[in-house]
Amino acid sequence: MKKYFITGLLIWIPLSVTFAVLAWIINTLDGWIMPWLPLHLQPQTILGFDIPGLGVLLFAFILFATGVIGANVLGQRVVRSWESLLARIPVVKSLYSSIKQVSDTLFSDNGKAFRKALLVQYPRKGIWTIAFLTGIPNDDISQQLSGDYISVYVPTTPNPTSGFFLMLPSEDVIELDMSVDEALKYIISMGVVAPPSRTPESNILILD
């Protein structure tokens, strides 16, 4: 009975959590988007009942339409004018520019955030954890450091959105033969979901 009970838990827990997350996303987007629709366009007015998930579709359409508009010349001019306006507001300027730099790095086609999965010693020597290569220190910082250093992000478990930014000597870092997605799954699962085994080709970190 214990075996069957545990087997049932292993089947239902992932399904329940997955549907709970999806329900939260749908309800959140519906709560954000639907109130902006005019009353005569609300599903409740037209059909007599609500349509769950309509806010998700509308949000996806808004994102797509914004991308189409922002990709052409006129849209780019509007975006630059909007950014120029925000740059004149003291507090908003710092906040918007910081968030935009991070989002451009993470989501743009040529973004280089989390370029490689690495093995580093943290928080002390002899204790190893997974980190991600994010770049190299800028000129001002590198001039104060002796040798070749790299910038890495050490995520926390099981929430990788929080973590620590470190600058480490490149010779103290081992490049892993796993993708960034595999490393993230490994971190989020607290080491339970291990990447498939591979024969390591090299431990030399190559900055490209």
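Applying the set (1) of a type in the set (S, T, N, Q); (2) modelled with pLDDT under 85; (3) open to solvent by 70 Å² or more (accessible area, probe 1.4 Å) to THR105 leaves exactly one unmet item: (3). So, LYS93, is that one surrounded by 12 or more Cβ atoms within 10 Å (Cβ to Cβ), among the charged types (D, E, K, R) and under 21 Å from the mean Cα position of the chain (by Cα) or not? Considered against the rule, which asks whether it is surrounded by 12 or more Cβ atoms within 10 Å (Cβ to Cβ), among the charged types (D, E, K, R) and under 21 Å from the mean Cα position of the chain (by Cα), LYS93 comes out as no. Among helices (runs of 4 or more DSSP H) entirely within segment 1-93, having at least 3 residues that are out of contact with any strand residue (DSSP E or B) (no Cβ under 8 Å at 6 or more places or on another chain) and among the polar types (S, T, N, Q) singles out 2-33, 73-86.
Note on segment 117-208: enclosed strands (runs of 3 or more DSSP E) holding 3 or more residues that are surrounded by fewer than 15 Cβ atoms within 10 Å (Cβ to Cβ) and modelled with pLDDT of 85 or more are 163-169. Residues that are open to solvent by 70 Å² or more (accessible area, probe 1.4 Å), small (Gly, Ala, Ser) and modelled with pLDDT of 85 or more: does segment 53-75 have at least one? No, segment 53-75 has no match at all.
The values are calculated or read from the model by the stated rules, or taken from the named source; none is laboratory data. Treat the numbers as computed from the prediction; the structure is a model and nothing was measured. No Cβ is skipped: glycine too gets one built from the backbone with ideal geometry, and neighbour counts run over all protein chains shown. Note: accessible area is taken over every heavy atom of the protein model, side chains too, but ligands, DNA and RNA are not part of it. Shrake-Rupley method; radii C 1.70, N 1.55, O 1.52, S 1.80 Å.
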